[in-house]
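Data block below; observations after.
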Amino acid sequence: MLDTQKIMCLDIGGTMLKYGLASTDGNLSEVKSVPNKITKEGVESFVEQVMEIFDDYCLRGEHLLGLAIGTAGIVEEHTGKILLIGEHFKGYCGYPLGESLRALTGLPVIVANDVNAAALGEYFLGAGKGSRLMMMMTLGTGVGSAIIFDGKLIVGRHGATGEVGYYKLSDGSKLDEIGSTRGLVNCLASLTGENRDSLNGKIIIDRVKMGDVQAITALEKTMNYLAEGMVNISKTVDPDCIVLGGGIMEASAIVLPYLKQALLKQDTAAMFTDIDLRPAVLGNKAGMYGAVRYFLEATK
């Protein structure tokens with residue numbers, strides 16, 4: 001007999017759409033992923049894609065309580081409107097995602113920024129357990145971030161609290177551009193002359209493991225930029241810990257020593273560089289765990 005208490009979960013990324021079901025105690029099941037149609041076909045095709053998943057669940061007899069969504073972009077907390085996102089999300093900026101899906105499904109829909117959702121997951125179930133003031137940063141195409149204090153997300157007036165990727169560093173560059181995995185790829189490509197499209201974080205870390213001098217140099221430079229951004233964060237937020245996520249952190253045993261060394265080089269008081277860095281532990285399910293938590297709190 002099917003469980004009559006299920007929440008449909010979505011994690012909307014730049015390339016993939018992850019989805020699954022969660023019970024009311026927060027346990028995930030049937031997590032799957034498909035290419036996200038929004039980047040190639042636009043927002044209308046994407047919404048149709050979401051509704052196809054929804055309809056499939058309904059046809060097989062699942063009684064859905066609502067939708068819990070984590071998405072890339074800055075999200076208006078109470079409405080689920082997408083306020084700001086990259087141009088490759090066609091038609092998504094300004095789109096009333098929460099309102100649209102509520103109208104189409106007739107169910108409660110809670111939409112949160114994907115890093116905020118992942119931070120909630122890590123705070124309650126993962127690397128942030130036991131902390132009071134936790135910051136999460138994800139390293140990928142950019143640098144995503146979120147702040148949790150006493151179990152509550154700090155979101156701010158526009159839902160943009162903690163958007164450290166927009167920080168300008170001492171050379172005028174944005175942290176998003178040079179302290180991220182994208183920055184690492186661009187740095188190595190500029191050193192070697194390789195096509196950026198032929199590189200990714202895993203390839204570069206594998207080269208670092210093998211002692212490749214140029215890959216090591218690129219990683220050192222990228223971690224120096226990230227460390228500069230982290231010191232600014234530390235001075236502003238003074239977190240108990242910073243949880244680090246993103247695909248590159250699957251190789252945290254390689255990456256963290258370079259980051260810690262870069263922090264030691266920063267010209268500031270030790271209290272701002274002695275940061276408790278913790279690799280995220282929930283992997284690519286963190287955002288879905290957190291979105292469910294967000295949904296359950298919001299619909300009490």
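The values are calculated or read from the model by the stated rules, or taken from the named source; none is laboratory data. Everything numeric here is computed off the predicted structure, so don't read it as measured data. All Cβ positions, even for glycine, are placed from backbone atoms using ideal geometry, and neighbour counts span all protein chains on display. Side chains are part of the model used for accessible areas, which takes the heavy atoms of the whole protein and leaves out ligands, DNA and RNA. Shrake-Rupley method; radii C 1.70, N 1.55, O 1.52, S 1.80 Å.
Output wanted: per-residue J couplings in Hz (rounded whole) for the range 218-230, from phi through Karplus 6.51 cos²θ - 1.76 cosθ + 1.60, θ = phi - 60°, x for Gly and Pro.
4, 5, 4, 5, 5, 5, 4, 5, 4, 4, 4, x, 5
Pairs to check: Lys37/Lys202; Lys40/Lys174; Lys174/Lys209; Lys129/Lys285. Give those whose C-alpha atoms are more than 18 Å from each other in this structure.
On the way: Lys37/Lys202 25 Å; Lys40/Lys174 27 Å; Lys174/Lys209 28 Å; Lys129/Lys285 16 Å.
Beyond 18 Å: Lys37/Lys202; Lys40/Lys174; Lys174/Lys209.
Give me, ordered by chain and number, the residues 5 or more places off Val281 or on other chains with an amide H under 5 Å from its own placed amide H.
Ala127
Can you give the net charge of the other residues whose Cβ lies under 15 Å from the Cβ of Gly151, counting K and R as +1 and D and E as -1?
Working: positive: Lys129, Arg132, Lys152, Arg293, Lys300; negative: Glu122, Asp150, Asp240, Glu297.
That works out to +1.
Compare the peptides 207-216, 90-99 by average per-residue count of other Cβ atoms within 10 angstrom and give them in order, highest first.
On the way: 207-216: 15.1, 90-99: 18.0.
So the order, starting with the most tightly packed, is 90-99, 207-216.
Tally up the carbon and sulfur contribution to the accessible surface of the range 213-261 as a whole percent, 1.4 Å probe, everything protein left in place. Mind dumping the intermediate values first?
Details: 930 of 1950 Å².
About 48 percent, which is the carbon plus sulfur part of the accessible surface.
Once the Cα atoms of helix 181-192 and of the chain are each reduced to a long axis, what angle between those two axes, in degrees from 0 to 90 to the nearest 10, is obtained?
Helix 181-192 sits roughly 40 degrees off the main axis of the chain.
For the range 135-229, what does the relative contact order come out to in percent, with C-alpha contacts under 8 Å and a separation of six or more?
Values: 129 pairs, mean separation 23.1, N = 95.
It comes to 24 percent, rounded to a whole number.
May I ask you to give the solvent-accessible area per residue for the range 15-102, in square angstrom, as obtained with a 1.4 angstrom probe? Each step should come with its number before you reach the end.
Details: 4260 Å² over 88 residues.
Result: 48 Å² of accessible area for each residue.
Sequence-distant or interchain residues sharing an amide H contact under 5 Å with Val75, placed H: which?
Correct list: Leu83, Asn113.
Tell me the relative contact order for the chain as a rounded percent, counting alpha carbon contacts under 8 Å between residues six or more apart. Mind showing how you got there, number by number?
Numbers: 597 pairs, mean separation 58.3, N = 300.
Contact order relative to length: 19 percent.
May I ask you to evaluate 6.51 cos²θ - 1.76 cosθ + 1.60, the Karplus curve with θ = phi - 60°, for each residue of the range 22-33 and list the ³J(HN,Hα) values in order in whole Hz, giving x for glycine and proline?
Per-residue couplings from phi come out as 9, 7, 6, 9, x, 7, 8, 8, 6, 6, 9, 9 Hz.
Percent of accessible area on the range 1-126 owned by carbon and sulfur, 1.4 Å probe? Provide the component values of the computation, followed by the final result.
Numbers: 2980 of 5590 Å².
Looking at the range 1-126 in its full context, I get 53 percent from C and S.
Going by a ≥ b ≥ c, the root eigenvalues of the Cα gyration tensor, does the range 1-147 fall in the rounded group (a/c under 1.5), the prolate group (a/b larger than b/c) or the oblate group?
On the way: a/c = 1.73, a/b = 1.09, b/c = 1.59.
Here the range 1-147 falls in the oblate category.
What's the FRET efficiency of Thr236 with Leu107 using the Cβ-Cβ distance as r and R₀ = 35 Å, to the nearest 0.05? Please report the intermediate quantities before stating the final value.
Details: r = 38 Å, r/R0 = 1.09.
With R0 = 35 Å, the Cβ-Cβ based efficiency is 0.35.
With a 1.4 Å probe and every protein chain left in place, work out the accessible area per residue of the range 139-243 in Å², rounded to a whole number. All intermediate terms of the calculation are to be shown ahead of the outcome.
On the way: 4780 Å² over 105 residues.
Computed with neighbouring chains in place, this is 45 Å² per residue.
So, in nm, how far is label Met210 from label Thr15 when the simple model puts each one 7 Å beyond its Cα toward the Cβ?
Reported label-point gap for Met210 and Thr15 is 2.1 nm.
Applying the Karplus parametrisation 6.51 cos²θ - 1.76 cosθ + 1.60 with θ = phi - 60° to the phi angles of the range 252-260, what ³J(HN,Hα) value in whole Hz is obtained for each residue in order, glycine and proline being reported as x?
4, 5, 8, 6, 4, x, 5, 5, 5
Which residue, chosen from Gly193, Leu244, Met223, occupies the Cα position most advanced towards the positive end of the dipole of the range 174-254, where the dipole is computed from +1 (Lys, Arg) and -1 (Asp, Glu) charges on Cβ about the Cα centre?
Gly193
Suppose all protein chains stay in the model; what accessible area per residue would a 1.4 Å probe give for the range 247-300, in Å²? Mind dumping the intermediate values first?
Numbers: 2990 Å² over 54 residues.
Per-residue accessible area for the range 247-300 comes out at 55 Å².
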